[in-house]
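Below is one structure, written out as C-alpha cells; the observations come after it.
The values are calculated or read from the model by the stated rules, or taken from the named source; none is laboratory data. For clarity, every value in this text was computed on a predicted model and none was experimentally measured. Here Cβ is always computed from backbone atoms with ideal geometry, including for glycine, and neighbour counts include all displayed protein chains. All accessible areas refer to the heavy atoms of the entire protein, side chains included, with ligands and DNA or RNA removed. Shrake-Rupley method; radii C 1.70, N 1.55, O 1.52, S 1.80 Å.
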Amino acid sequence: MTLTQQIITVAMVVLATMLTRFLPFLIFPAGRPTPKYIQYLGKALPPAVFGLLIIYCLKNVSLFTGSRGVPELIAIVLVIVLHLWKRQMLLSIAGGTICYMLLVQFVF
C-alpha cells in the first residue's frame, strides 16, 4: 500500500471505532429510558453468542477418532465449575483455555 492508502486506512479504522463508541450515546441519551427491544437484546444476545461460540468450537470434535473429545469435555467442565464458583467470566474463559491447551500439548 502506498502512504496515502495507509493514511486513509488508518483514518477509516479510527472513524469506525469512534462511530461505534459514540453512536449509542447519541442514539440513546442518558435522560431518556432505553427502549424495550434494546433491553431485550441486551439480555438475549450474550447467551446466544456464547451458545454460538460453543457450537463453533465443538463442530470439528470427533467422538470416534483421536482423543474422542476428552480434552474439550474436561475444559468445558472446568469452565462451568470456575464460573459457578467465582462468577468471573474472564477467569472462566482463561482457565478453560489454559486447561485445554495444557491437555492438548502434554497429555493427549
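Observations
- Test: residue in region 8-27 that is loosely packed, with under 10 Cβ neighbours inside 10 Å, not in a helix (DSSP H, G or I) and not hydroxyl-bearing (Ser, Thr, Tyr): no
- Residue satisfying all of: in region 56-90; open to solvent by less than 60 Å² (accessible area, probe 1.4 Å) and assigned to a loop (DSSP other than H, G, I, E, B); nearest to Phe108 (Cα to Cα) among these: Ser67
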